[in-house]
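The values are calculated or read from the model by the stated rules, or taken from the named source; none is laboratory data. This one's a predicted model, so the numbers in the text were calculated from it and none came from an experiment. Positions of Cβ are backbone-derived with ideal geometry, glycine not excepted, and every protein chain shown enters the neighbour counts.
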Amino acid sequence: MTTAQALKKTRINFWVHIAILAAIAAVFETGLIAKNTLAMSEQTRYIVDVAGIILTIGLIPLAIKGFSSQMRKAAKEKREELQQLFVAKSNARVALLFIVVAINLFLYYTASNNGAFYCAILGLAALVYSYPTAGTIENSKQQEE
């Protein structure tokens, strides 16, 4: 697999996840699904708020730095499948951040949870930061030498 093919695969995966998130927001914003329909007690609302925040705080750092050691190890061992590892790492990163944003968007729209909106924005910022670039592969290759 060439670098161009690896980038193409990861970028397609990235934009598919962005489109799904946009569709989730569009469904609620257009009124196809009514907002604030999730009736919860105050105790349940608090538990859900805390769970969303813990999910955000736990998954964003894992997604951003959690796979860096695998890439460094692959570069040191001079693996031939560095591009394949890049694709897997990038797809896993996008999936983790997608989970953060999707769950927090759902909580924001269904439970009117403003904290979930801010967590979704943080997850979206991390997702944009994680846009797959050739620089990541090139940095790994330079570490090989």
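When region 107-128 is filtered for residues that are at pLDDT 90 or above, surrounded by fewer than 22 Cβ atoms within 10 Å (Cβ to Cβ) and in contact with a helix residue (DSSP H, G or I) (Cβ under 7 Å, 6 or more places away or on another chain), the ones remaining, listed by number, are PHE117, LEU122, LEU124, ALA126. Residues that are in a helix (DSSP H, G or I) and of a type in the set (D, E, K, R) were ranked within region 21-63; the one that is farthest from ALA102 (Cα to Cα) is GLU42.
For region 1-51, a tally of residues being closer than 14 Å to SER112 by Cα, of a type in the set (Gly, Ala, Ser) and either at pLDDT below 90 or touching a strand residue (DSSP E or B) at 6+ places or on another chain (Cβ under 8 Å) (or both) returns 3.
Among residues of region 90-109 that are of a type outside the set (D, E, K, R), those with a beta-carbon under 7 Å from a residue that is outside any helix (DSSP H, G or I) at least six positions away or on a different chain give the pairs SER90/PRO132; ALA92/PHE67; VAL94/SER130; LEU97/SER130; LEU107/ASN113; TYR109/LYS35.
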